[in-house]
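Below is one structure, written out as structure tokens; the observations come after it.
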Amino acid sequence: MITALFSSVEAGLLYALMALGVYISFRVLDFPDLTVDGSFVTGAAVASVLIVGGVNPFIASLAALGAGFFAGCATGLLHTKGKINPLLSGILMMIALYSINLRIMDKPNVPLLQQETVMTIITKAFQRFDQALATIFPFVPKTWAIIVFGMFLVAVVKVIIDLFLKTEVGLALRAVGDNKKMIASFSGNTDRLTMIGLGLSNALVAFSGALISQYSGFSDIGMGIGMIVIGLASVIIGEALFGAKTIMRATLAVIFGAIVYRIVITLALRVQFLETGDVKLITAMIVILALVVPQMVAARAEKQRKARKRGAAVASTQADYESV
Amino acid sequence: MQLLLQLKQITKVFNEGTLDEKVALKHVELSLQPGDFVTIIGSNGAGKSTLMNIISGRLAPDTGEVVIDGKDVTTMSEHDRARYIGRVFQDPMAGTAPNMTIEENLAIAYNRTVKRTLRFGVTKKRREFFKETLATLQLGLENRLHAKVGLLSGGERQALSLLMATFTKPHVLLLDEHTAALDPARAKLITDLTKQIVETNRLTTLMVTHNMEQAVQLGNRLIMMDGGQIIFEASGDEKKKLTVSSLLQEFQRIRGSQFASDRAVLV
Ligand SMILES: Nc1ncnc2c1ncn2[C@@H]1O[C@H](COP(=O)(O)OP(=O)(O)OP(=O)(O)O)[C@@H](O)[C@H]1O
Ligand SMILES: [Mg+2]
């Protein structure tokens, strides 16, 4: 059980990068970008093929990040220059990427188990540390390497995003999602900003895909299916549990959301009658619940507030009568 | 002295060649001297907003040229042209980003004339500057730098929009009924602020308004539009002497005679 939770935190941290990408498109740019299902695999494909080809896994992962950036820019181009609506631009890009990913991998599945990956390298580097820890916590799993690396990486990416969104370009990017007409009247090139934003978003998604493929030991053409919903689930769960008052708070919430999501799925799969194939259904349910419950809670609070007001009004008129 | 803004033979037709064809502007000519403050009046659909949109680059004219400070900007994109132009819209929601703070909005406005970089939008030095500028509004906004703009009232937001459009000293300031959505007290506040800001900065300004009183009191020039044309213009002493009733009479006289000439053509 602890081992299972431990690995869901590991995976959660790596998926958090993807969720941060989704946060940038959905929340910052207000652009529902479905490219994610494709660009996640693009990242995995690029990294795996390069690693198999003998490239340093760190460089391969950065290459994946670059590939994701281009994929995102392409979606942005479809929307801004091609005047195609956001959802359709993303879907078109997602479909196109399916074929492109297959071309990159040359087959539906690239195994990485025999390869040196980012994960094997850091695990090796951590060996001493792990041995020391094993004497203190004998019950925990084989390595702390991935969790420590994941935390470090996610923290760095989070801080970079937080800082970037406070720069002049970052402020303009946020304004595109908030009020396009306004930013255009202050010399902001909304087309270019949209492309940059989607590029950054998908760069993170592809980077996450690259790391996940190295973590799980393969890339697969189908590994991106439903990824956008997982990303959304992380964003929504995070915001619901931890709030999103400021950018710094929101990005932190998204990271925790991604981890909580993994834990929930892990726990759900322990339930007897649920099978691995049910994961997507569970994910959809989580998103639906996370979207609907806050509305119901708010509606209920409103109703109670009104009822209380009415009660108070009745009471005060009664008081008036009594005083007469 | 060089003209600041020149409109040469601007024509704009919407939905050309269809049943919905609408001639919004017909051969409009207009020249502004530096420091001119022009109020524009005219009935609904006269083409006032279309004219503003063509100057700002939101719409492209079918024929004609837009020249700002001697530079032909007719084909320049809206965002590039914004380097010369400050704008305040009718809708108080339109000019600011509601989910961003007051200081972040000001930082965005600050970059209207300066290329955006990867430096922080709000620095210590800029924050001081923003505070000083906000203080000139006398609304206490300088103490609410971290408040989200969406929390401000319509009047406060419009005052902020006005400040954001002007504190970087645009070549041309375009105001399209920017007090129309406000209650009378707030409209007066914004009108007074407009007068103060335009005068202290000597901004070349075009202001569309439905308020005749306002049109007569503000500015050194007045333009009346109808049916996509400028049908009446007054400046200098002539403008000073204008009253609301004389303006209305003028309007009826011109409209009447035009109506008569249209009939003459038909017959
Ligand atoms: N995008 C558009 N497509 C089609 N017709 C338009 C468009 N924009 C404006 N028009 C038409 O052009 C004419 C001029 O419109 P415009 O908005 O410039 O008028 P206005 O003088 O600003 O009027 P108001 O006082 O009501 O704001 C109107 O008849 C309007 O219906
Ligand atoms: Mg108008």
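The values are calculated or read from the model by the stated rules, or taken from the named source; none is laboratory data. These numbers were taken from a predicted model, which means no experiment stands behind them. Note: ideal-geometry Cβ built from the backbone for every residue, glycine included; neighbour counts use all protein chains shown. Remember, those area values only see protein heavy atoms, side chains included, never the ligands or the DNA or RNA. Shrake-Rupley method; radii C 1.70, N 1.55, O 1.52, S 1.80 Å.
Here are the numbers for this structure:
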quantity	calculated
Hydrodynamic radius (Kirkwood) for the protein assembly as shown, which is based on Cα pairs only, to one decimal in Å	27.8 Å
Rg [Å, one decimal], Dmax [Å, integer] - region B:123-267, C-alpha atoms	19.4, 72
Principal axis dimensions, largest first and in whole angstrom, of region B:17-113 by Cα	45, 33, 26
Residue A:84 long-range amide H proximity, modeled H, under 5 Å	A:79
10 Å Cβ shell holding at most 12 others, DSSP loop, trypsin sites (Lys or Arg not before Pro): longest site-free stretch of chain B	B:1-114
Gaussian network model of chain B, Cα within-10 Å springs - most flexible of B:42, B:57, B:256	B:256
Karplus-derived 3J(HN,Hα), 6.51/-1.76/1.60, for each residue of region B:241-251, Hz, glycine and proline x	7, 4, 10, 4, 5, 5, 5, 4, 4, 4, 4
DSSP beta bridge pairing in the protein assembly as shown, given as percent antiparallel to the nearest 5	60 percent
Semi-axis lengths (Å, descending) of the ellipsoid that matches the C-alpha gyration tensor of region A:1-159	34, 19, 12
Computed over region B:49-162, Cα set: Rg, Dmax in Å	16.0, 48
For chain B: relative contact order, % (alpha-carbon pairs under 8 angstrom, 6 or more apart)	26 percent
Chymotrypsin sites (Phe, Trp or Tyr not before Pro) within region A:213-301: DSSP coil, no more than 12 neighbouring Cβ in 10 Å	A:273
Size of charge dipole - region B:88-217 - debye, nearest 20, with Cβ of Lys, Arg +1 and Asp, Glu -1, no other charges	760 debye
Square roots of 5 times each gyration tensor eigenvalue, C-alpha, region A:194-286, largest first, Å	23, 20, 11
Against the rule of thumb 2.2 N^0.38 Å, how large the Cα Rg of region A:102-200 comes out	1.71
Relative counts (whole %) of C-alpha pair distances in region A:1-270, using bins that are 10 Å wide	8, 30, 35, 20, 6, 1, 0
Taking only Cα atoms of region A:170-225, radius of gyration then Dmax in Å	16.3, 49
Calculated P(r) of chain B - Cα pairs past 29 Å, %	35 percent
Gaussian network model of chain A, Cα within-10 Å springs - most flexible of A:216, A:61, A:39	A:216
For residue A:218, distant residues with modelled amide H under 5 Å away	A:112
Among A:20, A:163, A:274: highest mean-square fluctuation, GNM of chain A, C-alpha pairs under 10 Å	A:274
Karplus-derived 3J(HN,Hα), 6.51/-1.76/1.60, for each residue of region A:86-100, Hz, glycine and proline x	x, 4, 5, 4, x, 5, 4, 5, 4, 5, 4, 5, 4, 5, 4
Relative contact order (%) - region A:38-177, alpha-carbon pairs under 8 angstrom, separation at least six	23 percent
Inter-chain shielding of B:120-128 (mean C-beta neighbours from other protein chains, 10 Å cut-off)	2
Accessible area buried, both sides summed, chains A and B with 1.4 Å probe, Å²	2400 Å²
Surface accessible to a 1.4 Å probe, per residue, for the residues of the protein assembly as shown, Å²	48 Å²
Rg/Rh (Cα only; Kirkwood hydrodynamic radius) as it applies to region A:11-89	1.03
Kirkwood Rh, angstrom, region B:152-203 [1 / mean 1/r, Cα pairs]	11.2 Å
Solvent-accessible surface ranking, highest first, for B:29, B:104, A:275 at 1.4 angstrom	A:275, B:29, B:104
